[in-house]
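Have a look at the structure below, then the notes.
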Amino acid sequence: MVSIKQLMSALAGAALVVLSSTVFAQDPAPAAPTAEATTAAEAPLAEAKTESVENPYGIGALWAQGDFVARFVLVAMLIMSGATWYIMVVKYIDQSKLMRQSKAANATFWKSRSVQDGIGSLSAGSPFWYIADRGVSAQNHHEGTLVEQIDLSSWVTMSVNRAVDEIQSRLQGGLAVLATVGSTAPFVGLFGTVWGIYHALTAIGISGQASIDKVAGPVGEALIMTAIGLAVAVPAVMGYNWLVRRNKAGMEAVRAFSADLHSVLLSGSRVGDKA
């Protein structure tokens with residue numbers, strides 16, 4: 001007969017066999033993802049984040065999709081901007097030339113022995129040469145003419161003042177264009193904006209789609225006109241004020257020269273010279 005100890009030993013051995021087979025039959029733990037797998041999984045997300053969206057609303061689209069009114073406004077503002085910068089550059093060159101001629105006239109004219117010699121020392125065609133030539137001509141052609149009834153002092157004064165007025169009118173040429181551009185360019189741009197918004201809202205109403213993407217894009221595109229108008233007007237206004245100040249400085253030099261010339265032609269000495 002089998003003893004109780006032998007029976008217990010057999011049961012314990014069988015339990016150990018069953019327990020070991022159960023443990024080894026379980027699935028192994030999942031392995032950690034490798035660096036290559038992580039990089040491959042994140043690549044599409046990175047590409048999606050860095051992908052740029054092309055803006056369908058801009059100056060190019062405004063020109064391509066706009067009607068003749070929108071294109072006319074753009075061309076008009078382009079012409080106004082070009083005229084503004086051209087006038088500012090030309091007037092700056094003219095004013096700088098006038099300042100140099102003023103220094104040259106003060107350095108050479110008043111050191112000459114006579115007014116005729118002084119005229120010869122001036123640059124022909126310059127404002128100072130023109131004033132001196134008109135003053136001398138008025139002094140030499142006073143007698144024996146219809147203006148003989150006017151005294152010599154008044155006749156020379158009138159001739160010199162007319163020459164000064166002509167020079168001032170010439171210096172102010174083009175400034176009216178800057179003033180016009182500065183005052184009208186914002187309204188031209190605003191007109192283009194209103195026209196663009198009108199057409200955008202009309203198209204939205206016809207299509208029946210009033211979502212934010214259908215409204216914000218065309219309206220934002222129409223606002224480009226206002227921005228262009230302001231970009232054209234601001235340089236024109238600033239350039240106008242700057243050139244006017246420079247014109248005043250130039251005209252002060254011209255008037256001072258004309259006053260000294262008038263005194264020399266009538267009394268033989270400059271204003272402020274000691275007897």
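Per-peptide packing, taken as the mean over residues of other Cβ atoms within 10 Å, places 252-264, 71-83 in the sequence 252-264, 71-83 from highest down. Working note: Karplus 6.51/-1.76/1.60 with θ = phi - 60° gives the range 123-130 the couplings 6, 4, x, 6, x, 6, 5, 5 Hz, where Gly and Pro are set to x. Take the Cα of VAL177, step 7 Å toward its Cβ, do the same at GLU252, and the gap between the two points is 2.8 nm. Peptide packing for 222-233, 152-163 was compared via the average number of neighbouring C-beta atoms within 10 Å per residue; ordered from the highest value, the list is 222-233, 152-163. Ordering 113-120, 99-106 by mean Cβ neighbour count within 10 Å, with the highest value first, yields 99-106, 113-120.
Shown is the FRET efficiency for PHE68 and VAL90, computed with R0 = 41 Å from the Cβ-Cβ distance and rounded to the nearest 0.05: 0.80.
Readers should treat all values here as calculations from the given coordinates under stated rules, not as data from a laboratory. Remember, predicted model here, so these are calculated numbers, not experimental data. Counting neighbours? That spans all protein chains shown, and the Cβs are built from the backbone with ideal geometry, glycine included.
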